[in-house]
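In what follows, a single structure is set out as structure tokens and then discussed.
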Amino acid sequence: MGEIWDSFQAAFSLLAHPDRYLLSTILVSFKVSGVALLLCFPVSAALAAAIALGRFPGKGTLKLLIRTAMGLPSVVVGLLVLLLLSEAGPFKGLLWTPRAMVISQLVLITPLVLGVMVSSLEGVSRRVAEAAHVLGANRLQVAWTVVKEARAGFLTAGVAGFGRAIAEVGSVLIVGGNIAWADGTSYTRTLTTAIVVESRKGNFETALAFGIVLLVLVLCVNLILGFLERPGEAR
Amino acid sequence: MLKRFLAAGGILFALGMSLAAAELVLATTTSTYDTGLLDALNRAFAELFGVKVKVIAVGTGAALELAKRGVVDLVLVHARPLEDRYLAEGWLINRRDVMFNDFVVVGPPEDPAGVKGLTAATEAFRRIAAAKARFLSRGDNSGTHFREMEIWEAAGIEPGGKWYLISGKGMGENLIQASLMGAYTLTDRGTFIAMRKNLDLEIVVEGPVKGGDPLLMNPYGVMAVNPARFPDRNYVLAMAYIGFLTSPQGQRIIAEFTVEGEPLFYPTALKADPDFSEYVPRDWRG
């Protein structure tokens, strides 16, 4: 127990006096996961609307595939992206950069975000769609009405996607290379891969402290999102 | 000597000027990175060449596989037989000895297999196996893991059974697990020194740095990815890095690097009588 308590203290003194290493590591974490989510979200929203509201053969199979892909192990995604990016071609220069990490996180979180969005759209009562249709809405307007009704589910999808991205270790470790420059600033090192380094060195206390820093920051993100969500509920 | 040094410095400088915008990717083992040695070397290299080095710290086996896929420019690793295989297959070229340290066998202070003070690692391994005392292997294709397998082979034992456990972890985590379960393990001396205070483990068989078993010698080699196989890799800059690592300046940084007052690596690149076997596979016949 003593060690865990020490880690909490270390975490809060780190947060109170962040050094360049910690700040740059936090920045890389949020930049990579944030960009991955921003790229994934609109595409997933459009795809989810098409899947949930459309009628086409193979819909059940597609949903099954999406749900299965939610269980993709991050190391497997990392290795696949590593092998793809190491093929000679225009993408070869991307390996060991934050952009490669964005790619692997996109692969990792899109099924999750898409799956949650589809479920939340399907959860919106069919009567909402019918009502909109009766009121003279065209197909696009019906879709928009349903998406608006499902916005809480979309928020959950975004939060879950961001959460998986920022907490993920395996794929960013492999395709980013966990690089920090010799001057102590992060290039492709995230909070999670910094935890790997500290734990590898046996600095469990520091490793745990980094984990606590990560959780505190994700908590802050959720508080902000919760605050943004509230006016919507009042409407 | 001074003249040669200056000439080498001039060439390095000229190279540095022409390569300012380039990048260099080095795959290496966790022991060189986690100790902080590579940061010390790379700071000096960045000053000389204006190039920041991307360090990918993985096990020796993984580092060599990355080289084989042409996604790094050079490797700094420690498993000579494996290095020789990649050299012989032509993935890597221009190997140079850089430095060495040594492995030590560590175990719980109670020493259940009674191996403390033995001078031969093979005899210690035989007794550990005979006593069925717990042994924790890295099992991760790292340089340390390869050396452990070589020692078992030299001891004539195929390890297995419930006493032989595989962690799949890095050196630091492996030491902590061995300490918690009271197991013997093989470790590089550097990591053991850095973590000793948190461990309930003692050195039971010494390596050659302290006059122990020469089988526990741990030499590190640097090699460039073959530009004939991967023309898009930065071969010139990789060779500049190898030159820097094996230069008086690079070797001095290695010699002066200490943790808790103890040196972790001993430079070997500058020799009175150069031994060219460092460049090519050991069984190579031209």
Exercise. Would you mind finding the one in A:LEU135, A:LEU112, A:LEU84, A:LEU62 that is modelled with pLDDT of 95 or more, more than 20 Å from the chain's Cα centre (by Cα) and over 23 Å from A:THR25 (Cα atoms)?
Key: A:LEU62
Self-check item: Positions within the stretch A:173-202 being modelled with pLDDT under 90 and either buried (at least 22 other Cβ atoms within 10 Å of the Cβ) or more than 8 Å from chain B (Cβ to nearest Cβ) (or both), in sequence order
Solution: A:GLU198, A:LYS201, A:GLY202
Quiz prompt | Hits in the stretch A:58-106 (condition: more than 25 Å from B:ALA63 (Cα to Cα) and either in contact with a strand residue (DSSP E or B) (Cβ under 7 Å, 6 or more places away or on another chain) or of a type in the set (Gly, Ala, Ser) (or both)) | solution = A:GLY58, A:GLY60, A:ALA69, A:GLY71
Quiz item: If the Cβ limit is 9 Å and pairs must be 6+ apart or interchain, which residue in the stretch A:90-112 that is away from chain B (no Cβ under 11 Å) pairs with which residue that is in a loop (DSSP other than H, G, I, E, B) and among the hydroxyl-bearing types (Ser, Thr, Tyr)?
Solution: A:PRO98/A:TYR187; A:PRO98/A:THR188; A:MET101/A:THR188; A:MET101/A:THR190
Self-check item: Search result, residues across the stretch A:48-106 that are of a type in the set (Ser, Thr, Tyr) and closer than 20 Å to A:ASN178 by Cβ
Solution: A:SER74, A:SER86, A:THR97, A:SER104
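Please verify whether the stretch A:135-143 includes one or more residues that are surrounded by fewer than 17 Cβ atoms within 10 Å (Cβ to Cβ) and at positive phi.
yes
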Practice problem: Residue by residue through the stretch B:231-247, note down the ones that are out of contact with any Gly (no Cβ under 8 Å at 6 or more places or on another chain), surrounded by 15 or more Cβ atoms within 10 Å (Cβ to Cβ) and of a type outside the set (A, V, I, L, M). | Solution: B:ASN234, B:TYR235, B:TYR241, B:GLY243, B:THR246, B:SER247
Quiz item: In the set B:ASN42, B:ASN94, which member is farther than 19 Å from B:MET171 by Cα and free of Cβ contacts under 8 Å to residues at least 24 places away in the same chain?
Solution: B:ASN42
Practice problem: Answer yes if at least one residue in the stretch B:192-206 is closer than 20 Å to B:ALA57 by Cα, surrounded by 22 or more Cβ atoms within 10 Å (Cβ to Cβ), under 22 Å from the mean Cα position of the chain (by Cα) and at pLDDT 95 or above, and no otherwise. | Solution: no
Practice problem: Inspect all residues belonging to the stretch A:118-125 and state whether any of them is of a type in the set (Asp, Glu), loosely packed, with under 12 Cβ neighbours inside 10 Å and away from chain B (no Cβ under 14 Å). | Solution: no
Quiz item: Of the residues that sit in the stretch B:67-83 and are surrounded by fewer than 22 Cβ atoms within 10 Å (Cβ to Cβ) and free of Cβ contacts under 8 Å to residues at least 60 places away in the same chain, which one is nearest to B:LEU215 (Cα to Cα)?
Solution: B:LYS68
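The values are calculated or read from the model by the stated rules, or taken from the named source; none is laboratory data. Given the structure is predicted, the values throughout are model-derived calculations rather than measurements. Note: ideal-geometry Cβ built from the backbone for every residue, glycine included; neighbour counts use all protein chains shown.
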